[in-house]
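S.K.: To start, I am sharing the structure in question, which I have written as structure tokens.
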Amino acid sequence: MRMRALLLAIVIGAAALAGCGRDTDGEAPASADAGGRPIDAVLVPTRHLQAGDLEALARDSVPPALHTRLDTAWREGRSRWPLEELPLQEQLPRLIAALSAPDAERTLMTGFERQFSGAEGELRRAIETLGAFGVQYIQGDPDLDESERERQIQLLVAVSRWAADAPLADPARARRALAQLCEAARETGLDSDAAFQAAGMAESLRRMSAFLAVAKSVLADYGLDLDASLAGIEVRLERQTGDRAELRMRYPVGNGEVDARLGVERRDRRWYRSDWLRHAEAAASRPAAPDAD
């Protein structure tokens, strides 16, 4: 895997998790088992992200019955939700495999030095190109509604602007990043889709939580503090009609900001993000892939 794709996959993928927030209406912070207010649809997942607990994030982001269906679909190879909320998630096993390969630190560092060491201008142009391609992809994605499309484009633009000015061509930082990421990737043992399937949903998410913690540390070394983004997110109830509500969510990303709206809905007295529910339902209902002849 080329170093450019490696770095940007981690940057964009980790930044995409910043879709949760804190209450700005003066109420007490959500407890871990909260869920009775519309704003809890984002406050509860935020707590799990801040704690680095992807297993708890999956458990509390959908109703229990849907979570059970997702667990079954994961073991049958039909779902990788909630990892499906990440951009480039289809490349995740390949990314882990590249980082887990024997002597990956040396191999990837050699590729980095050949392509980008000291080539800030080339790397900046590559980031701009990938950012523009990403925006086009999001604009044409039929699985996104208008509010999702707006949020993802804002996020991608903010991350691309940060990355264009970040010291991504610094070989010392790259060497540190690779050492950390390669070790963390090997510890997951999730270097193929079959490995994700065999581990199951809960165990895979536990292992990926550890990898996420290392990825966040690497991002912070490059100047993108994801924990600061999580701590700085604000969410406010704008309107509610019965079991549906709309929230306004704002959070910093690097020197930029995402300011967008988010739909939530109540099921069995608890509130959940509507987009995540829709995506999770689709993942749980996805038919098995036909056997290859």
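The values are calculated or read from the model by the stated rules, or taken from the named source; none is laboratory data. The structure presented is a predicted model; accordingly, all values stated were derived computationally and were not measured. Heads up, the Cβs are rebuilt from the backbone with ideal geometry, glycines too, and the neighbour counts pull from every protein chain shown.
S.K.: Please go through the range 109-139 and pick out each residue that is exposed (fewer than 15 other Cβ atoms within 10 Å of the Cβ), within 30 Å of Arg149 (Cα to Cα) and among the small types (Gly, Ala, Ser).
M.R.: Once the filter is applied, which keeps residues that are exposed (fewer than 15 other Cβ atoms within 10 Å of the Cβ), within 30 Å of Arg149 (Cα to Cα) and among the small types (Gly, Ala, Ser), the range 109-139 yields Gly121, Ala132.
S.K.: Hey, another quick one. Output yes when any residue across the range 126-143 is of a type outside the set (Lys, Arg), assigned to a helix (DSSP H, G or I) and under 25 Å from Gly52 (Cβ atoms), and no when none is.
M.R.: Within the range 126-143, none of the residues are of a type outside the set (Lys, Arg), assigned to a helix (DSSP H, G or I) and under 25 Å from Gly52 (Cβ atoms).
S.K.: Can you pull out every residue in the range 167-188 that is under 20 Å from Thr107 (Cβ atoms) and not in a helix (DSSP H, G or I)?
M.R.: Leu168, Ala169, Asp170
S.K.: What is the one condition in (1) at pLDDT below 95; (2) outside any helix (DSSP H, G or I); (3) crowded, with 20+ Cβ neighbours inside 10 Å; (4) of a type outside the set (A, V, I, L, M, F, W, C) that Pro38 does not satisfy?
M.R.: Unmet for Pro38, out of (1) at pLDDT below 95; (2) outside any helix (DSSP H, G or I); (3) crowded, with 20+ Cβ neighbours inside 10 Å; (4) of a type outside the set (A, V, I, L, M, F, W, C): (1).
S.K.: Which of the residues belonging to the range 245-284 are in contact with a helix residue (DSSP H, G or I) (Cβ under 8 Å, 6 or more places away or on another chain) and outside any strand (DSSP E or B)?
M.R.: Gly254, Asn255, Asp275, Trp276, Leu277, His279, Ala280, Glu281, Ala283, Ala284
S.K.: Looking only at the range 183-204, decide whether some residue is surrounded by 20 or more Cβ atoms within 10 Å (Cβ to Cβ) and under 30 Å from Arg269 (Cβ atoms).
M.R.: Yes, the range 183-204 contains at least one residue that is surrounded by 20 or more Cβ atoms within 10 Å (Cβ to Cβ) and under 30 Å from Arg269 (Cβ atoms).
S.K.: For residues in the range 206-218 being of a type outside the set (Gly, Ala, Ser) and closer than 12 Å to Leu178 by Cα, which is surrounded by the fewest Cβ atoms within 10 Å (Cβ to Cβ)?
M.R.: Val214
S.K.: Just to be sure, is Asp243 surrounded by fewer than 17 Cβ atoms within 10 Å (Cβ to Cβ) and under 25 Å from Leu178 (Cα atoms)?
M.R.: Judged against the criteria, Asp243 is not a match.
S.K.: For the range 233-254, what are the residues that are of a type in the set (Gly, Ala, Ser) and in contact (Cβ under 8 Å) with a residue 40 or more places away in the chain?
M.R.: Across the range 233-254, the qualifying residues are Ala245, Gly254.
S.K.: Among the residues of the range 157-170, is any under 30 Å from Ser274 (Cα atoms), surrounded by fewer than 20 Cβ atoms within 10 Å (Cβ to Cβ), among the basic types (Lys, Arg) and without any contact (Cβ under 8 Å) to a residue 40 or more places away in the chain?
M.R.: No, that holds for no residue.
S.K.: Right, another one. Checking the structure you have, find out if any residue of the range 92-106 is under 14 Å from Leu178 (Cβ atoms), in contact with a helix residue (DSSP H, G or I) (Cβ under 8 Å, 6 or more places away or on another chain), surrounded by fewer than 20 Cβ atoms within 10 Å (Cβ to Cβ) and hydroxyl-bearing (Ser, Thr, Tyr).
M.R.: No, every residue in the range 92-106 fails to be under 14 Å from Leu178 (Cβ atoms), in contact with a helix residue (DSSP H, G or I) (Cβ under 8 Å, 6 or more places away or on another chain), surrounded by fewer than 20 Cβ atoms within 10 Å (Cβ to Cβ) and hydroxyl-bearing (Ser, Thr, Tyr).
S.K.: For the structure I just gave you, tell me whether Met208 is under 26 Å from Leu66 (Cα atoms), in contact with a Ser or Thr (Cβ under 7 Å, 6 or more places away or on another chain) and in a helix (DSSP H, G or I).
M.R.: Criteria met by Met208.
S.K.: So Arg207 passes all but one of these: (1) at pLDDT 95 or above; (2) under 28 Å from Glu122 (Cα atoms); (3) basic (Lys, Arg). Which condition number does it fail?
M.R.: With (1) at pLDDT 95 or above; (2) under 28 Å from Glu122 (Cα atoms); (3) basic (Lys, Arg) applied to Arg207, the lone miss is (2).
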